[in-house]
């Protein structure tokens, strides 16, 4: 794999065509330029810059989770004709913070028969890769932590670390429910990872690049009409189903099916370790929704290209004001698209029944995997036949 | 060195994201009450005294799926360079990938036929 990736990077750089899209906000170069004005070396300016987007993204991820938890509670209440949280803050918006603080001061119980080290390591291994995957989520041309060459592939490889953590926590709990939950979680994750990777592969083929920024750039030539969802409708559905399964959301929440397994691999967990699982699963949901919007719904792209609007208004796309507006609109669009998908995921959770494990595995292996392979080959064939529409 | 451009951020973010659970667990340790008395540490089993441990033999099916997974996961890893370079490779690469995928489809059909994908 390593030599293959090394061979591939020159191809990636070759594939980065100078786009028609304007460069947009580049905060790093402005920041570096400002610091160098004070006499810093470029390397020092870079080092000072590095932690800023990371902390910003971390805060954004946590706020995203809080909003999602609140949305989940409010929407589930609306589905069941209840009111939901209403006392903590206006409309109960502070409820998730109250939940988090409560979990922070809860006692941490490690069962006597459990393996203490693995029991602690499990939730950490679940939450770290999920946070780390935010490295490649772009909110604008330069509004991401790092535009690494392997881009979306990094997310795919990181997401396969999570089942190890789930299996670890299930097995180390020394509890029958946890063991079954952990095994189910691992089986489910690995079954849906392959169709997911194949669906991403079709997108990568159309963009000629693994970088998430290039993937979005490739979709934003003509606004909403050039989004990948029109060229990859099957891939979009495969990706969305697999993303729900990877996040263990209903209808695929077998690992923690509460009627059968109490809480699956989380049964023995309390306090902050439980909170880490909770945090991990919601960060993963928001991340998956963001990646769907990046891969299929044009990422930060506005339905009508912002460059067209700017030129219609007689403004240069490179003017500072236009760049700030474009950048902000880009962030809002990314988040808006992602939250539309989060809303669908929440509605699905409260309106669909759970599938059985044999149905789950049948769907993954006997339906989604062949369909994903066919989708990939059809994309390759179409790219050969109509290169203009499928990324050259 | 081109391969490693941007990975200093990866390393930094790895440290920051690893610090999140560590800080959370440490602050939990400091803030939470501690009492390790008796029943609390018992394994949960729907209110009963737990019968035996859980480190037991489990269904062989999980191994079958793991084995099939390894085959197809390696396949997708091999296909990634192909997909990125596809626009420069053309028809021949398409036919090669077709043969490669066909071999794996035969493997899938074999596993399917042998019942490796059946749950019960």
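Throughout, read-outs are computed from the coordinates displayed, never taken from laboratory work. This is a predicted model, so every value here is computed, not measured. Don't worry about glycine lacking a Cβ; one is built from the backbone with ideal geometry, like all the others, and counts go over all protein chains shown.
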Original post:
Looking only at B:17, B:35, B:46, which one moves most when chain B is put into a Gaussian network model with springs between Cα atoms under 10 Å?
Top reply: B:17
Original post:
Based on the Kirkwood radius over alpha-carbon pairs, what value in µm²/s does the Stokes-Einstein equation return for the translational diffusion coefficient of region B:17-120 at 25 °C and 0.890 mPa s?
Top reply: 125 µm²/s
**OP:** Mind sorting A:247, A:242 by how few other Cβ atoms lie within 10 Å of their own Cβ, fewest first?
**Re:** A:247, A:242
Original post:
Once label points are set 7 Å from the Cα along Cα→Cβ at both residue A:230 and residue A:374, what is their separation, rounded to one decimal in nm?
Top reply: 2.5 nm
Original post:
If you take the Cα Rg of region A:124-169 and divide it by 2.2 N^0.38 Å, with N the number of residues, what do you get?
Top reply: 1.26
**OP:** Arrange A:192, A:171, B:44 by Cβ neighbour counts within 10 Å, fewest through most, would you?
**Re:** B:44, A:171, A:192
**OP:** Sort out for me the Cα centre separation of region A:188-214 from region B:46-120, rounded to whole Å.
**Re:** 16 Å
Original post:
With no solvent and one point per C-alpha, what does the Debye sum give as log10 I(q)/I(0) for region A:191-273 at q = 0.12, 0.15, 0.21, 0.26 Å⁻¹?
Top reply: -0.52, -0.67, -0.94, -1.23
Subject >> Top of A:245, A:185, A:33 by mean-square fluctuation, Gaussian network on chain A, Cα under 10 Å >> reply: A:33
**OP:** On a 0 to 90° scale, report how tilted helix A:116-132 is relative to the longest principal axis of chain A, with both axes built from alpha carbons and the result rounded to the nearest 10.
**Re:** 20 degrees
Original post:
Cα-Cα pairs above 20 Å in region A:59-199: how many percent?
Top reply: 64 percent
Subject >> Ranked A:333, B:64, criterion: other C-beta atoms within 10 Å, fewest first >> reply: B:64, A:333
Subject >> Degrees separating the helix B:91-113 axis from the principal Cα axis of chain B, which is the longest one >> reply: 50 degrees
**OP:** Please give the helix A:51-79 orientation as an angle from the longest Cα principal axis of chain A, in degrees from 0 to 90, rounded to the nearest 10.
**Re:** 60 degrees
Subject >> Rounded, prolate or oblate (a/c below 1.5 giving rounded, otherwise prolate when a/b exceeds b/c) for region B:5-66 by Cα gyration tensor >> reply: oblate
Subject >> Bins of 20 Å, starting at 0 and running to the largest distance - Cα pair percent for the protein assembly as shown >> reply: 21, 54, 23, 1
**OP:** Tell me what chain A gives for mean residue ellipticity at 222 nm when only DSSP H runs of n ≥ 4 count, each as -39,500 (n - 2.57), the sum divided by the residue total, rounded to 500 deg cm²/dmol.
**Re:** -21500 deg cm²/dmol
Original post:
Anyone know which of A:340, A:112, A:372 comes out most mobile in the 10 Å Cα GNM of chain A?
Top reply: A:112
